[in-house]
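Participant: Before we start, here is the structure in question, set down as structure tokens.
The values are calculated or read from the model by the stated rules, or taken from the named source; none is laboratory data. Predicted model, so just to flag it, every value in this text is computed and none were measured. Please note: Cβ atoms are built from the backbone with ideal geometry, for glycine as well, and neighbour counts cover all protein chains shown. The protein model used for the area step is the full one, side chains on, heavy atoms only, and it has no ligands, DNA or RNA in it. Shrake-Rupley method; radii C 1.70, N 1.55, O 1.52, S 1.80 Å.
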Amino acid sequence: MRRKLAAGNWKMNGMSAELEELSTLARMYPSPTVDVLICPPATLLYRAASTVQATDIQVGGQDCHANTSGAHTGDISAGMLLDAGASAVILGHSERREDHGEQNEDIRAKARAAMDAGLKAIICVGESLEQREAANTLDIIGGQMSGSIPDQSTGENLIVAYEPIWAIGTGKVPTLDEIGEVHDFIRTRLERRFGEGVGRSVRLLYGGSVKPGNAADIFAVSNVDGALVGGASLKAQDFAGIIDALQNA
Ligand code: 13P
């Protein structure tokens with residue numbers, strides 16, 4: 001059975017004061033029945049890890065470099081994330097594909113580095129509104145998957161997040177049928193490439209305007225094993241609503 005996962009992506013949000021939200025979450029969920037992961041900005045990672053140390057809540061990074069060390073000013077290696085207390089890293093988020101021109105092969109190299117370092121790689125895929133309207137969604141997702149998911153992937157080290165770009169931060173959410181269609185497609189693709197055992201064990205997250213009010217419906221969709229949450233992960237009370245929905249799914 002795949003263990004469900006509620007993952008929060010704080011993006012470029014969070015100062016020292018916001019660690020209080022994490023403390024609140026830690027008090028509320030010392031040992032949740034689903035996996036709970038918070039990915040704060042790198043500046044807070046070590047302190048976030050200390051904040052949740054006595055609980056089962058985990059912390060992760062939002063990106064890493066493909067190399068283990070060296071002359072790469074401003075970058076952070078997968079080993080450094082692990083050293084700071086991370087157990088996972090988000091890779092290939094559409095905001096990084098957009099802001100930093102990350103291509104599938106860059107993401108694949110980063111994912112290899114993350115897996116080699118012992119981190120779980122949360123690889124993001126998703127179509128733009130134009131691509132959806134042109135009925136290219138599954139082609140785009142299939143291409144992103146073959147390009148960015150490394151061969152060494154297993155159910156332990158890989159998580160795939162489906163995040164339609166037009167649903168991120170917009171309050172717009174695909175229909176449950178649309179979410180199900182893409183998640184079933186991702187599952188089939190994984191089974192075909194890695195075999196049924198591995199393909200079935202990889203967790204698939206939905207991301208894009210997940211809120212306490214729509215979480216339960218989304219978690220009831222086939223092959224949705226949890227969520228990657230932006231805005232609603234910044235406040236403990238909001239994220240708690242999503243964790244509760246997942247625990248009850
Ligand atoms: P929102 O939940 O704010 O739409 O963000 C989703 C996201 O991009 C998570 O990585």
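Participant: Nothing charged except the Cβ atoms of Lys and Arg (+1) and of Asp and Glu (-1): what's the magnitude of the dipole of the stretch 63-117 about its Cα centre? Round to the nearest 20 debye.
Facilitator: Values: 5 positive and 10 negative charges, 35 e Å.
In debye, rounded to 20, the stretch 63-117 gives about 160.
Participant: Now for a separate question. From the Cα trace of the stretch 133-249, what convex hull volume per residue do you get, rounded to a whole Å³?
Facilitator: Per residue, the Cα convex hull of the stretch 133-249 comes to 108 Å³.
Participant: Provide the per-residue ³J(HN,Hα) series for the stretch 120-133, in order, calculated from phi with Karplus coefficients 6.51, -1.76, 1.60 and θ = phi - 60°, each as a whole number of Hz, with x at glycine and proline positions.
Facilitator: 7, 9, 9, 8, 9, 9, x, 9, 7, 5, 4, 5, 5, 5
Participant: Given H placed 1.01 Å from N in the peptide plane, which residues other than close sequence neighbours of L158 have an amide H under 5 Å from its amide H?
Facilitator: So L158 has HN proximity to A121.
Participant: Do any GluC sites (Glu not before Pro) in the stretch 71-179 lie in a DSSP loop with no more than 15 other beta carbon atoms within 10 Å, and if so, which?
Facilitator: Details: sites: E95, E98, E102, E105, E127, E130, E133, E156, E178; in loops: E102, E127, E156.
Passing both the DSSP loop test and the Cβ count: E156.
Participant: Just the accessible area per residue of the stretch 98-249, please: how many Å² with a 1.4 Å probe?
Facilitator: Numbers: 6250 Å² over 152 residues.
It amounts to 41 Å² per residue over the stretch 98-249.
Participant: Assigning unit charges at the beta carbon (Lys, Arg +1; Asp, Glu -1) and nothing else, what dipole magnitude in debye, to the nearest 20, does the chain show about its Cα centre? Don't skip to the answer; put the middle values down first.
Facilitator: Numbers: 22 positive and 32 negative charges, 101 e Å.
It works out to roughly 480 debye.
Participant: Can you check how the C-alpha radius of gyration of the stretch 10-66 compares to 2.2 N^0.38 Å, as a plain ratio? Each step should come with its number before you reach the end.
Facilitator: On the way: Rg = 11.1 Å, N = 57, 2.2 N^0.38 = 10.2 Å.
Normalised by 2.2 N^0.38 Å, the Cα Rg of the stretch 10-66 equals 1.09.
Participant: Can I ask one more? Distance from the Cα centre of the stretch 115-155 to that of the stretch 204-249, in angstrom?
Facilitator: Rounded to whole Å, the Cα centres lie 20 Å apart.
Participant: Additional query: Past the 28 angstrom mark, what percentage of all C-alpha to C-alpha distances in the chain do you count? Don't skip to the end; give the middle numbers.
Facilitator: Details: 7894 of 30876 pairs.
Pairs farther apart than 28 Å: 26 percent.
Participant: When Lys and Arg each count +1 and Asp and Glu each count -1, what net charge do the other residues less than 15 Å away from M12, Cβ to Cβ, add up to?
Facilitator: Working: positive: K11, R96; negative: E18, D63, E95, E98, D99.
Value of the local net charge: -3.
Participant: In the chain, carbon and sulfur make up what percent of the accessible area (probe 1.4 Å)? Walk me through the numbers before you get to the answer.
Facilitator: On the way: 5360 of 10980 Å².
Accessible surface attributable to carbon and sulfur in the chain totals 49 percent.
Participant: Now, a different point. Please give the length that would be gained between S146 and N248 if that part of the chain were fully extended, namely 0.36 nm times their separation in residues minus their C-alpha to C-alpha distance (nm, one decimal).
Facilitator: Numbers: separation 102, 0.36 × 102 = 36.72 nm, distance 3.33 nm.
Fully extending the segment from S146 to N248 adds 33.4 nm.
Participant: Give a residue-ordered list of calculated ³J(HN,Hα) values for the stretch 151-159 (Karplus: 6.51 cos²θ - 1.76 cosθ + 1.60, θ = phi - 60°; whole Hz; x for Gly, Pro).
Facilitator: Karplus-based 3J(HN,Hα) across the stretch 151-159 equals 5, 7, 5, 9, x, 7, 9, 10, 10 Hz.
Participant: Hey, another quick one. Roughly how many debye, to the nearest 20, is the charge dipole of the stretch 54-187 about its Cα centre, given +1 on each Lys and Arg Cβ, -1 on each Asp and Glu Cβ, and no other charges?
Facilitator: Details: 9 positive and 22 negative charges, 57 e Å.
Value, rounded to 20: 280 debye.
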